[in-house]
Every structure is written in C-alpha cells, then in structure tokens.
Amino acid sequence: MNRSILSASSTMAQLQKKIDTIGQNLANTNTNGFKRRETSFNDLLFQQINNQPDAPKEVGRRTPDGIRQGSGAKLSETNIRMEQGALNITERPLDLALTRPNEFFELLTEENGQYLTRYTRDGAFYLSPTEEEGQLALVTSKGDYVVDGEGEPIYLPDNYKNIKFTETGEIIVTNDDNTEQSVGQLQLVRVIRPQLLLSTGDNQYGLPDLEALNLFEEEVFEYVDPTEGSIQQGALEMSNVDFAAEMTELMTAQRSYQFNAKSISISDQMAGLITSLR
C-alpha cells in the first residue's frame, strides 16, 4: 500500500509543475513575443520483485518474472519553444516585430544599481525623456534601454517629425527641415541555444553563468550582422501559444492528476479494510 501511495504522490507533485507551466502559457496568450514552454517526463527508478522464485518459467513470456514496481514519474525538463508567432499590424511607428525565430532585441536594464543585459522579442517600444535637454531614449514599457551595436542606449532628438526603422534595424528620423538623419542601429542577437535562456520577468530573458557551464558566449549566441534584415515596423509579434492545444494538455494533465489522487484514495481504503480485519 505504501508503495502505491508514494508512487502516486510523487507523480502528482510533478504533474502539478506541468499544470503550472500550462497555466503560465495560457496567462500569456496575449503577451507580445511570448514563447510558450512545454514539459517532458521520465520514469523514475523501478524495482524488480521476484515474488515466485520457485515458479516454473512460462513458455513464450517476454517480460521478466515477478512484478516491476515503479516509483512514479519525474518532470525531466521544461523546454522553450521558439516557433514564430503571428504578426499583428498596429501601424504604430515604435512597434517592431522580428520575423525570424531565435532572434532577440538586446536591452540594458538596471537592477540593484547594476546594468545587466537582457533579451526580448517584445518590440513595443516607447520614447522617454532624458536628463539631457532635447534628447529622448528608446525604451521598453518597463523603461529598460534598447541598445545599439556598441551596447549603448539609443537616443533620438525630441523635435523629429517622423521616424523610420529599416529591415536591418537602422533608425532614420526626419527633421523639421525635412532632412533625414540616421541616429542609431538596433542590435539584434541570435540565440544558438535557446534552452539556456532564463526567464527574468517582464517578458525578458537572461543568460546563466556560462563560465560555470564551461561554455563560451559564441557557443550560446551571436550578434546579427547589421546588413541582415528581420524587422518589420508597425507590427508586433503575438504569442506563439495555441490556446486550444494548451487547454487539451491541461485537461489531460488534470485527468492524470485525478487518476493518481484516486489511486491514493483506493490504497487508503484498502489499508483501512485490512486494519479492520485484524
């Protein structure tokens, strides 16, 4: 009885993590550039119990004699899926969509007095006033800086008439005298190993300690050549979450959870029956 209860309770704890992951996906169905995650399971160790050591061998039997007692299932990994999301045309000049998977905008965010590098596919940008008069900074909705190829924040003059982002990420503004001026170049990053990305909140990602993993930066990501274009202005990439598929996975996980909970209940009833017979 104890074996069945322990096996079921172990599996239920892992199924709860899957349900939490699906819930996270569903909650971000309408989040710009969000990438869904999926879970995979592995069997835990099992024990071979030979309960009939003197029984004759069965002719044609392909499985081992006795009983194989498992220990439940374990969530082996949670993978990020980088499939391209649908594009939502907004016609807003500061809305940018990446049209190739595995590419990210590079950001500079301040945490605890330190500036850290972050990555995002959410291209809903804004302009924020700076301490220097006549200058605006290109930022995210959270206020993090969008950086250029030198890793520096991008600044624009506050008196521009029009702004244009080319496919390669060059920023061109039209001045009051109708002259065009290039004011910066967006830095895009192509992640080679997206499974190493760590969610840091606000639809942003960071990198783990590569030195501890014995990895070099070039093995994890590379900077996109400024001549390569994958940016579409006036559009936003939507989440790649398939609502119907996630709901199906959620119902399957809930049924599995209920099945294991029922096995615990039945084991408890059987244990109570045995106790009453004694």
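The values are calculated or read from the model by the stated rules, or taken from the named source; none is laboratory data. If you're wondering where the values come from, they're calculated on a predicted model, not measured in any experiment. Note that we place each Cβ from the backbone using ideal geometry, even for glycine, and neighbour counts take in every protein chain shown.
Residue under question is Leu197, and the condition is that it be surrounded by 13 or more Cβ atoms within 10 Å (Cβ to Cβ), in the same structural domain as Lys161 (by TED's automatic domain parsing) and under 13 Å from the mean Cα position of the chain (by Cα); does it hold? Considered against the rule, which asks whether it is surrounded by 13 or more Cβ atoms within 10 Å (Cβ to Cβ), in the same structural domain as Lys161 (by TED's automatic domain parsing) and under 13 Å from the mean Cα position of the chain (by Cα), Leu197 comes out as yes. Out of Thr29, Thr109, Thr90, one residue alone is of a type in the set (Ser, Thr, Tyr), at pLDDT 85 or above and under 18 Å from the mean Cα position of the chain (by Cα). It is Thr29.
Would you call Ala244 small (Gly, Ala, Ser), touching a residue at least 24 places away in the same chain (Cβ under 8 Å) and part of a helix (DSSP H, G or I)? Even if it seems obvious, please write down each step before you answer.
Details: small (Gly, Ala, Ser): yes; touching a residue at least 24 places away in the same chain (Cβ under 8 Å): no; part of a helix (DSSP H, G or I): yes.
Answer is no for this residue.
List the residue pairs whose Cβ atoms are under 8 Å apart, where the first residue sits in the stretch 255-278 and is more than 18 Å from Ser9 (Cβ to Cβ), the second is exposed (fewer than 11 other Cβ atoms within 10 Å of the Cβ), and the two are 6 or more positions apart or on different chains. From residues that are more than 18 Å from Ser9 (Cβ to Cβ), there are no pairs.
Counting just the residues of the stretch 214-233 that are surrounded by fewer than 16 Cβ atoms within 10 Å (Cβ to Cβ) and of a type in the set (S, T, N, Q), which one comes out farthest from the chain's Cα centre (by Cα)? Ranking the qualifying residues of the stretch 214-233, first place goes to Thr227. Within the stretch 95-136, restricting attention to residues that are among the hydroxyl-bearing types (Ser, Thr, Tyr) and in contact with a strand residue (DSSP E or B) (Cβ under 6 Å, 6 or more places away or on another chain), the residue that is surrounded by the most Cβ atoms within 10 Å (Cβ to Cβ) is Thr120.
When the residues of the stretch 114-149 are filtered to those that are farther than 23 Å from Thr99 by Cβ and of a type in the set (Phe, Trp, Tyr), the one that is modelled with the lowest pLDDT is Tyr115.
Among residues of the stretch 1-30 that are under 11 Å from Lys74 (Cα atoms) and outside the structural domain of Arg121 (by TED's automatic domain parsing), those with a Cβ under 6 angstrom from a residue that is basic (Lys, Arg) and outside any helix (DSSP H, G or I), sequence gap 6+ or separate chain, pair up as Gln14/Lys74.
All conditions but one from (1) surrounded by 16 or more Cβ atoms within 10 Å (Cβ to Cβ); (2) within 26 Å of Arg81 (Cβ to Cβ); (3) hydroxyl-bearing (Ser, Thr, Tyr) apply to Tyr155; the one that does not is (2). Looking across the stretch 160-182 at every residue that is in a strand (DSSP E or B) and charged (D, E, K, R), the one that is nearest to Phe105 (Cα to Cα) is identified as Glu170. For the stretch 32-84, the set of residues classified as loosely packed, with under 12 Cβ neighbours inside 10 Å, modelled with pLDDT of 70 or more and outside any loop (DSSP other than H, G, I, E, B) consists of Ser40, Asn42, Glu77, listed by residue number.
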